[in-house]
Amino acid sequence: QVQLVESGGGLVQPGGSLRLSCEHRGSIFDMYVMGWYRQAPGNQREMVATFTGGGRRDYVDSVKGRFTIFRDNHLKTVSLQMNSLKPEDTAVYYCYGNENGVDYWGKGTLVTVSS
């Protein structure tokens, strides 16, 4: 059974940093694309950052220059380093992956940016 298991959320002050990690379990295959989405209360889920198997990284404009996505295919993990966090980054962050045309989601981890 394929699972995406997130870790690393929490409470941080504005300007602070957090690192989210996600482990891909239960499959011998590599996911073509892995990444992170987020959903704030009252908002739709939005793409934050993705990393394809070909090495392409994409970011939503609002996090460019502040967030960096990393991927380790050997360990089957994807991580999101978040710096210079803002209150508007507060959301539940979901790990995402696509394997053989099927989308998979983690359960989500809450990131709260507040003083």
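The values are calculated or read from the model by the stated rules, or taken from the named source; none is laboratory data. What you are looking at is a predicted structure, and each value in this text was computed from that prediction instead of being measured. Neighbour counts are summed over all protein chains in view; Cβ atoms, including those assigned to glycine, are modelled from backbone coordinates with ideal geometry. These accessible areas exclude ligands, DNA and RNA; they are computed on the full protein's heavy atoms, side chains included. Shrake-Rupley method; radii C 1.70, N 1.55, O 1.52, S 1.80 Å.
Tell me, yes or no, whether segment 70-86 has at least one residue that is among the small types (Gly, Ala, Ser) and closer than 16 Å to LEU110 by Cα.
Quick first cut of segment 70-86, residues among the small types (Gly, Ala, Ser) only: 79, 84.
Those left that are additionally closer than 16 Å to LEU110 by Cα: 79.
The answer is yes, given that some residue of segment 70-86 is among the small types (Gly, Ala, Ser) and closer than 16 Å to LEU110 by Cα.
Return the residue satisfying two criteria in turn: it lies in segment 53-78 and is among the hydroxyl-bearing types (Ser, Thr, Tyr) and in contact with an Asp or Glu (Cβ under 8 Å, 6 or more places away or on another chain), and of such residues it is surrounded by the fewest Cβ atoms within 10 Å (Cβ to Cβ).
Among residues in segment 53-78 that are among the hydroxyl-bearing types (Ser, Thr, Tyr) and in contact with an Asp or Glu (Cβ under 8 Å, 6 or more places away or on another chain), the one surrounded by the fewest Cβ atoms within 10 Å (Cβ to Cβ) is SER62.
Of the conditions (1) at pLDDT 95 or above; (2) within 18 Å of GLU23 (Cα to Cα); (3) surrounded by 13 or more Cβ atoms within 10 Å (Cβ to Cβ), LYS107 fails just one. Which one is it?
Only one criterion in (1) at pLDDT 95 or above; (2) within 18 Å of GLU23 (Cα to Cα); (3) surrounded by 13 or more Cβ atoms within 10 Å (Cβ to Cβ) is unmet by LYS107, namely (3).
Just to be sure I understand the filter: pairs with C-beta atoms under 7 Å, separated by 6 or more residues or on different chains, first member in segment 23-46 and outside any strand (DSSP E or B), second member of a type in the set (Val, Ile, Thr) and open to solvent by less than 70 Å² (accessible area, probe 1.4 Å). Which pairs pass?
Matching pairs, first to second residue: GLY26/VAL2; SER27/VAL2; TYR32/THR52; ALA40/THR90.
Of all residues in segment 81-97, how many are farther than 14 Å from GLY10 by Cβ and either surrounded by 18 or more Cβ atoms within 10 Å (Cβ to Cβ) or touching a helix residue (DSSP H, G or I) at 6+ places or on another chain (Cβ under 7 Å) (or both)?
4
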